Amino acid sequence: METSTSSPASRETILNGYIDSLTVEKQRALLGEADSLLSRTKLYSYKPYPKQKEFHKAGAIHREILLMASNQSGKSWAGAMEWAMHLTGRYPPWWEGKRFPKPVKLWASGESAVFCRDNAQRLLVGPPEREEEWGTGAIPGDLIVGKPQRARTVPNAIDSVVVRHITGKLSSLSFRTYDQGREKWAGETIQGAWFDEEPPLDIYIEGLTRTNATDGFVIIT
């Protein structure tokens, strides 16, 4: 029985020929579908630069990790991607950091509800003010289960998100703020807390304590 295979170059030629055969309207529609897919699967194309990769790798041996760099240099994006990987259990081939084999319960936090919404929430879920684009952040849109639970603090803020883990079970993500006070951080057991910007010491210690029983860790960006 004869079999035939096509090289990547020949497959590309066939694909280009197919696209060229489409009308302009259909080409635009196809491009729009591709853009939509890429916007909802950012996790799979994430390529960290050396400082970010060093930050991720540190989680394999340390419980407390800090990524400090200049403004607009990808600190928070690295934090969001790290959290998306743990929530989904989908680690890329280059990953050398901490791994959780089971679904996790994680917190993401910031100075205030507005700050948390406009930074951690935006990067993890998508633009706060456009619900139709929730799912275009670091967490792949098709792995967000149901609608995120809205917070009652400020408009368009999210309180929690349920995420489908690679095992088929569910992880959870909740948002916390420093101005809630230490009492709101007490009691629960989690695998990780992400502090987006430096927190007050009592908040930091409380967040770290939440991970004591889970072999968990905390990150600061």
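Readers should treat all values here as calculations from the given coordinates under stated rules, not as data from a laboratory. Since this is a predicted model, take the numbers as computed values, not measurements. Cβ: placed from backbone, ideal geometry, glycine included. Neighbour counts: every protein chain shown.
Quick look at the numbers
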quantity	calculated
Mean projection area, nm², convex hull over Cα of segment 140-221	6.4 nm²
Projected-area mean, segment 54-123, by convex hull of Cα positions, square nanometres	5.3 nm²
For the chain, the spread of Cα positions along each principal axis, largest first, Å	67, 40, 37
Cα-based reach from Lys42 at 18 Å (exclusive), listing lysines while leaving out same-chain residues under 8 positions away	Lys53, Lys75
Net +/- balance of residues flanking Glu131 in space, Cβ distance below 15 Å, scoring K and R +1, D and E -1	+2
Degrees, to the nearest 10: 24-39 long Cα axis against longest axis of the chain	30 degrees
Rounded to 10°, Cα long-axis angle of helix 8-21 versus longest principal axis of the chain	80 degrees
Cα-based Rg of segment 96-155 normalised by 2.2 N^0.38 Å, two decimals	1.22
